[in-house]
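Heads up, the thing below is written out as structure tokens.
The values are calculated or read from the model by the stated rules, or taken from the named source; none is laboratory data. Please read these numbers as outputs of a predicted model, since none were measured by experiment. In this analysis, Cβ positions are derived from the backbone assuming ideal geometry, glycine residues included, and neighbour counts consider all displayed protein chains. In case anyone asks, the SASA skips ligands and DNA or RNA and just uses the protein heavy atoms, side chains included. Shrake-Rupley method; radii C 1.70, N 1.55, O 1.52, S 1.80 Å.
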Amino acid sequence: MLMNLTQKILHSHLAKPSDMVPGEEIFLKVDQTLTHDINAVMTYLAFEAIGLDRTQVETSVSYLDHNLLYLDNKTPDDHIYLQTVAERYGVYVSRPGNGICHAVQVARFGVPGKLCMGGDSHTPHGGSIGMLCIGVGGMDVATAMTGVPMRLKMPKIVKVNLTGHLKPGCNAKEVILEMLRRVGIKGGLGKVFEYVGPGAATLTVNERATITNMGAEMGATTSIFPADGQVKTFLKAQHREEDYVELLPDEGCSYDEEMELDLSSLEPLCACPHQPDNVIPLKDVEKKKVQQVFIGSCTNASYSDIAKAALVFQGRHVNENVSCTCGISSRQIYVQLMRDGYLEMLINAGVRLLELACGPCCAIGQSPATNGVAVRTSNRNFKGRAGNPTAEIYLVNPENAAATAIVGTFATAEEVMGADLERLAQVKEPEEYPIEDSMIIRPLSEEEAKKVEVVRGPNIKPLPVPEAPTQHLKAPISLKTVDNITTDDITPASAEFSSMRSNIPLMSQYCYHRYDPTFAARAKEMGQSIIIGGENYGQGSSREHAAINPMYLGVKAVIAKSIARIHKGNLLNHGIIPMVFADPADYDRLDMEDVLEIDGLLDQMQAREVEIADVTKGFTFKARLELSDSELEVISCGGQLRYLKKQLEESRK
Ligand code: F3S
């Protein structure tokens, strides 16, 4: 049978035979896992609670890369826990200062054809080298580490045929922004985007990574490019040529959907506040004064991204009203940029170099001023994502971000450089990166690992485990939200809040803090409650705290018009029943504090349709559970940890 690239990788990882029909559940053997510091404490607490001695996948890596601002003891305590727990269970550690997880994973661990599950929604970054990489919740990563096959709804596979080539001043950012403009933030749900064609062959691994990384913003399961000559060149430059295997779609294979995109037709684009699909040509953005520019993040801080931005800055200076910072993606890129003189260009221009970390991308430092206009090369522009809900975030490519920093209002590199723009086309990725892995701690032998003492600071509290649902549920509505609620709305980003993620009793007090600061106290007071959501509830980051905190506050179910994929998995994992309205019009009939009642909940769940009475207003409506058999079992057990323990106990009998 002729197969496309995605089918090939999924097929080679099937743990149970399957015809791989879109929408059906498949079970997959996982090769690699990755976690990062602001989501991972819960993952490793769960792995410890499961009781295995060592990670069961080929390669597990724990990155300490997001929160490097040590405001008090909490984050350094977390980092010490994460390092020691990794050493105890056979997990690699990428130490603070080594770089952002996705960039380092592709460069140092990525292998074409492998399957990676990562506790971060931008894990699809690794699709740039022909690896299938899926973002999941932290509990799912803990599950993958046990070697238990991962469940996945077989996605539809979309062929994106790229033709032409990018013009100077356009970057892979324009490709993904154009995709977002066409497809929208929900258009990728249940889909894998497979980029092929002559245009794809012109894109380097780092350009491909910008595209696969931000595929998460379309809600896609993942995105992938073939493992071809570009991947071979990249792995050779990483001194890992032996890891290269060619992996292409079969000629004549079929896809569920097809799209065409001519790279030559692209012009500089911009995603305007407050959603990444709000994309218009950069020249059409109102020429407001820009307060802040941030060049960095896993999406656009590769060697060529920063080198091109530096060339725009060369001989020019950051506008006196703009604060311009730059966060480079990894240590090897930093060293190479330094050797090639690009860092000097940035420093001479007045750009402030940051730590090698996510930093401003997730509001860990560099929040914009009140009502500030922030221009960023990162991947999300949700309200409050930068740490200040009054700010407006615009997403552009690094060349145009540099031009904007110089002019002080929205500008393109072409406007600043004129005919010199052609110089940007001369920038090439290095033929050999300065490889130096001393900031990666390799796993200990099994014997040595057993001797490691796991160090837990006072901020690290036990993982709360929910109770299984009961037949009768009567609970008021503690919150009714609008459409497109993000996990940033539910669990705010910032250094302060991120450092609370190991302490659910503390962090839950700030649940929905920026959206509705009264929610946490109200939910707690209610004892148990239900949240009503609009479309695409829980989009954005994979952070499972957006499920754990409401669970801790007594939320038993979310009933929404639709629920984003990763968040739905997190709700299940943490014992909150995810339901969708059978008739979305019922959303309008419900109000906060209405008391809802479900009789025979467990029996009705089996039929995947539940009748709910609004006791306050005296009417009934129906909600569906769009769950597979195994997902239903998970939620019936009271979440993934209880389910997994039950499964492991049964397998030992
Ligand atoms: Fe970090 Fe932002 Fe990427 S938080 S992993 S740089 S999306």
I'd like the Karplus ³J(HN,Hα) series for region 445-455: coefficients 6.51, -1.76, 1.60, θ = phi - 60°, whole numbers in Hz, and an x wherever there's a Gly or Pro.
5, 4, 5, 5, 4, 5, 7, 6, 8, 7, 9
Which whole-Hz couplings ³J(HN,Hα) result when phi for each residue of region 561-577 is put into the Karplus expression 6.51 cos²θ - 1.76 cosθ + 1.60, θ = phi - 60°, listed in order with x for Gly and Pro?
5, 7, 10, 5, 4, 5, 5, 4, x, 5, 4, 4, 4, 10, x, 9, 6
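Using only the Cα atoms of region 494-653, what semi-axes does the equivalent ellipsoid have when each is the square root of 5 times a gyration tensor eigenvalue? Give whole Å, largest first. Each step should come with its number before you reach the end.
Numbers: eigenvalues 113, 106, 39 Å².
Rounded to whole Å, the semi-axes are 24, 23, 14.
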Percent relative contact order of the chain, based on C-alpha pairs within less than 8 angstrom and at least six residues apart?
14
Starting from the amide H of residue 394, placed 1.01 Å from N in the peptide plane, find each other amide H under 5 Å away whose residue is 5 or more places distant or on another chain.
374, 375, 376
Viscosity 1.567 mPa s, temperature 4 °C, Stokes-Einstein D of region 553-625 from Kirkwood C-alpha radius, µm²/s
102
Would you list which lysines come within 22 Å of residue 561, measuring only between C-alpha atoms, while excluding same-chain residues fewer than 8 positions from it?
153, 156, 186, 191, 383, 474, 480, 617, 622
Dipole check, region 269-421, charges on Cβ (K,R +1; D,E -1), about Cα centroid: among 372, 342, 314 the Cα furthest to the positive pole belongs to 372
Give me, ordered by chain and number, the residues 5 or more places off residue 245 or on other chains with an amide H under 5 Å from its own placed amide H.
none
Just grab the label-to-label distance for residue 163 and residue 451, each label 7 Å out from Cα along the Cβ direction, in nm (one decimal).
6.4
So residue 525 and residue 250, fully extended at 0.36 nm per residue minus their Cα-Cα distance, gain in nm 93.2 nm
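222 nm [θ] for the chain, helices only, -39500 (n - 2.57) per DSSP H run of 4+, per residue, to 500? Display every interim value, and only then the final one.
Details: 25 runs with 201 residues, N = 653.
Using -39500 (n - 2.57) per qualifying helix, the result is -8500 deg cm²/dmol.
Need the full-extension length gain, residue 287 to residue 597, defined as separation in residues times 0.36 nm minus the C-alpha distance. One decimal, nm. Can you show the working numbers first?
Numbers: separation 310, 0.36 × 310 = 111.60 nm, distance 5.25 nm.
The residue 287-residue 597 span can extend by a further 106.4 nm.
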Which three extents, in whole angstrom, do the alpha-carbon atoms of region 448-504 cover along their principal axes, largest first?
50, 35, 19
How far apart, in nm, are the 7 Å Cα→Cβ label points at residue 27 and residue 624?
2.6
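Normalised by the number of residues in region 5-265, what is the relative contact order in percent for Cα pairs under 8 Å and 6+ residues apart?
Numbers: 563 pairs, mean separation 59.5, N = 261.
The normalised contact order for region 5-265 reaches 23 percent.
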Quick one: Debye curve from the C-alpha atoms of region 269-421, no solvent, what's log10 I(q)/I(0) at q = 0.15, 0.16, 0.18 Å⁻¹?
-0.67, -0.77, -0.98
What's the FRET efficiency of residue 353 with residue 265 using the Cβ-Cβ distance as r and R₀ = 30 Å, to the nearest 0.05?
0.30
May I ask you to give the solvent-accessible area per residue for region 30-84, in square angstrom, as obtained with a 1.4 angstrom probe?
27
Angle check, please: helix 303-313 long axis (alpha carbons) against the longest principal axis of the chain (alpha carbons), in degrees 0 to 90, nearest 10.
60
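If packing is taken as the average count of other Cβ atoms within 10 Å, what order do 156-169, 455-468, 199-212 fall into, highest mean first? Walk me through the numbers on the way to the answer.
On the way: 156-169: 20.1, 455-468: 15.9, 199-212: 23.8.
Output ranking for 156-169, 455-468, 199-212: 199-212, 156-169, 455-468.
On a 1.4 Å probe surface of the protein chains, which of 518, 370, 55 comes out largest in accessible area, and what is the full order? Could you put the intermediate results ahead of the total?
On the way: 518 75, 370 110, 55 15 Å².
These residues rank, largest area first, as 370, 518, 55.
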Report Rg (one decimal) and Dmax (nearest whole number) for region 64-105, counting Cα atoms only, units Å.
10.6, 29
Starting from the Cα-Cα distance between residue 53 and residue 633, subtract it from 0.36 nm times their residue separation and give me the gain in nm to one decimal.
206.2 nm
May I ask you to derive the FRET efficiency for residue 431 and residue 506 from their Cβ-Cβ distance with R0 = 56 Å, giving the value to the nearest 0.05?
0.70
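Whole number please: convex hull volume per residue of the Cα set in region 5-265, in Å³? If you can, show how the numbers build up before the last one.
Working: hull volume 34.6 nm³, N = 261.
Residue-normalised Cα hull volume stands at 133 Å³.
What's the FRET efficiency of residue 258 with residue 236 using the Cβ-Cβ distance as r and R₀ = 35 Å, to the nearest 0.05? Don't skip to the answer; put the middle values down first.
Details: r = 32 Å, r/R0 = 0.92.
FRET efficiency, residue 258 to residue 236: 0.60.
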Under 20 Å from the Cα of residue 283, which lysines turn up, not counting those fewer than eight places away in the same chain?
167, 173, 308
Taking Cα atoms, the helix 398-407 axis meets the longest principal axis of the chain at an angle in degrees (rounded to 10) of 70
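Counting only C-alpha contacts under 8 Å and six or more residues apart, can you give the relative contact order of region 473-644 as a whole percent? Spell out each step's value before the answer.
Numbers: 357 pairs, mean separation 38.5, N = 172.
So the answer I get is 22 percent.
Using only the Cα atoms of region 215-290, construct the convex hull and provide its projected area averaged over every direction, in square nanometres to one decimal.
On the way: hull surface 34.9 nm².
The Cα convex hull of region 215-290, projected and averaged over all directions, gives 8.7 nm².
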Can you work out ³J(HN,Hα) from phi for every residue in region 340-350, in order, using Karplus 6.51 cos²θ - 1.76 cosθ + 1.60 and θ = phi - 60°, giving whole Hz and x for Gly and Pro?
8, x, 6, 5, 4, 4, 5, 5, 4, 7, x
Just the projected area, averaged over all directions, of the convex hull on the alpha carbon atoms of region 245-353: how many nm²?
10.8
As computed over the chain, the Cα convex hull volume per residue (Å³)
144
